[in-house]
1. If a residue has to be farther than 16 Å from V143 by Cβ and either free of Cβ contacts under 8 Å to residues at least 12 places away in the same chain or crowded, with 21+ Cβ neighbours inside 10 Å (or both) to count, how many in segment 107-126 make the cut?
2. In segment 233-244, is there at least one residue being assigned to a helix (DSSP H, G or I), in contact (Cβ under 8 Å) with a residue 12 or more places away in the chain, surrounded by 24 or more Cβ atoms within 10 Å (Cβ to Cβ) and in contact with a helix residue (DSSP H, G or I) (Cβ under 9 Å, 6 or more places away or on another chain)?
3. Does D375 satisfy the condition of being charged (D, E, K, R), more than 16 Å from A189 (Cα to Cα) and modelled with pLDDT of 95 or more?
4. Within segment 176-207, can you find the residues that are open to solvent by 10 Å² or more (accessible area, probe 1.4 Å), among the hydroxyl-bearing types (S, T, Y) and touching a residue at least 40 places away in the same chain (Cβ under 8 Å)?
5. Out of the residues in segment 287-324 that are without any contact (Cβ under 8 Å) to a residue 12 or more places away in the chain and part of a loop (DSSP other than H, G, I, E, B), state the one that is most open to solvent (accessible area, probe 1.4 Å).
6. In the set G269, G253, which member is surrounded by fewer than 16 Cβ atoms within 10 Å (Cβ to Cβ), within 23 Å of the chain's Cα centre (by Cα) and not in a strand (DSSP E or B)?
7. Can you pull out every residue in segment 334-363 that is more than 30 Å from G113 (Cα to Cα) and either among the hydrophobic types (A, V, I, L, M, F, W, C) or touching a Leu at 6+ places or on another chain (Cβ under 7 Å) (or both)?
8. What are the pairs, 6+ residues apart or on separate chains, where a residue within segment 261-276 that is of a type outside the set (G, A, S) has its Cβ under 6 Å from a residue that is open to solvent by 60 Å² or more (accessible area, probe 1.4 Å) and in a strand (DSSP E or B)?
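The values are calculated or read from the model by the stated rules, or taken from the named source; none is laboratory data. Just so you know, these numbers come straight off a predicted model, no measurement behind them. FYI the Cβ positions are ideal-geometry reconstructions off the backbone, even for glycines, and counts take in every protein chain you see. To get the accessible areas, we keep the full protein, side chains included, count just its heavy atoms, and leave off ligands, DNA and RNA. Shrake-Rupley method; radii C 1.70, N 1.55, O 1.52, S 1.80 Å.
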Amino acid sequence: MHPVAKRSVPLLVVLALVLGLAACGSSSSSATTAAAAAGASSSSSSSASSSSGGNAAAASAAIAPYVGHPSAFPVTDPLTKVKKGATVAFMDCGTSICALFWQLLQPAAKVMGVHLTRYNAGSAANTVSQAWDSVVASKPAAVIATAINIDLWKNQLKELQAAKIPVVTTGILGTAQYGIKAAQAAETASELEGKLMADYTAAKFSSAKSIALYDVPELSFTPLVANAYKAELSKVCSACSVRVVPIPIAAMGSTAPNQIVSDLQSHSGTGLAVFSIDELESGLPAALQSAGITIKTLGNSPGPTELQYVKEGKETAVLAVDLPVLAWTLLDQAARQMVGQPLTGDEAKGLTDVQFLTQPDMKFDPSKGWTGYPDFGQRFGKLWSAGG
């Protein structure tokens, strides 16, 4: 998630989960077991998706850390020092996903003992510039930036860096050249998602040799997912063929299901439909049923609607991204950079925990979204308490 750049996820996702679990820090023995099961095999998530054998067995081994349990909790080491009362600026991009992150961060800031300030930056050049100018003038201890084109605020970034104010990002591509460390939900996450879905295809959908991959070119992360998928699938299933079908962003939530049905009708031999962003499947099950089409599906970063489809057997499988843990990781990263503490674990790679979900895994309320670690509030609280 990955929600990555401008991913649109309804605000119902995990809000009740955050208020009900994170703030009180409820525990979960199943999540602890999952962490142990993921263990060493998921400690290097980016390498886990590479399949050297070029076959279904290698693909099965690659996805093992992500099937039946979440991958490793991204934060591993205690925070050595906490700047209690410090102000952290939050740059709101104006979309539902950015509003969601703001909500998710409220209990996190309370647990850590820092103060969050919200700046409504939006995505237009003039509003972005004004908001970032205000941040530079306010001199916060750190900044969390969400899904805002870095070219629109690169000048203010230089000023913040000169003042030694760390900037943490999520859903923003191309940050490395500007000195941003461990960009979350960016290139590394998108490429991993694509590779893992290719491995899952070879391991779980071995009979599907003709594959349609539906992409939204306007969302900059989806081509990364698609390219990684194609590259990995060529290693693990040489007999498979993939056609990438672009779906305009304007069609999402409206005509996308009809466009996908029309494409499948034109390619009757398609055995699997893959979605670089699973929101494309919103409304699709009904459209497929009306057209008399039965096909297996694999989606990336599902929201509540798509999770409900999985529970009802209307979607075959999804790669779920842990948005609550990602949000809390952003604050954790900001706190560590404020005190100069190195990042470790998957946090240092810009990765959060993910898991493949099928119908048997749907033992939670889809309307509240998914987290691999229902006790994430307690986990972070323990890591942060060491720093006082």
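1. Qualifying residue count, segment 107-126: 3.
2. yes
3. Yes: the conditions hold for D375.
4. Selection gives T188, Y200, S206, S207.
5. T294
6. Checking each option against the conditions leaves just G253.
7. F356, L357, M362 - these are the residues of segment 334-363 that are more than 30 Å from G113 (Cα to Cα) and either among the hydrophobic types (A, V, I, L, M, F, W, C) or touching a Leu at 6+ places or on another chain (Cβ under 7 Å) (or both).
8. So the pair list comes out as L272/K296.
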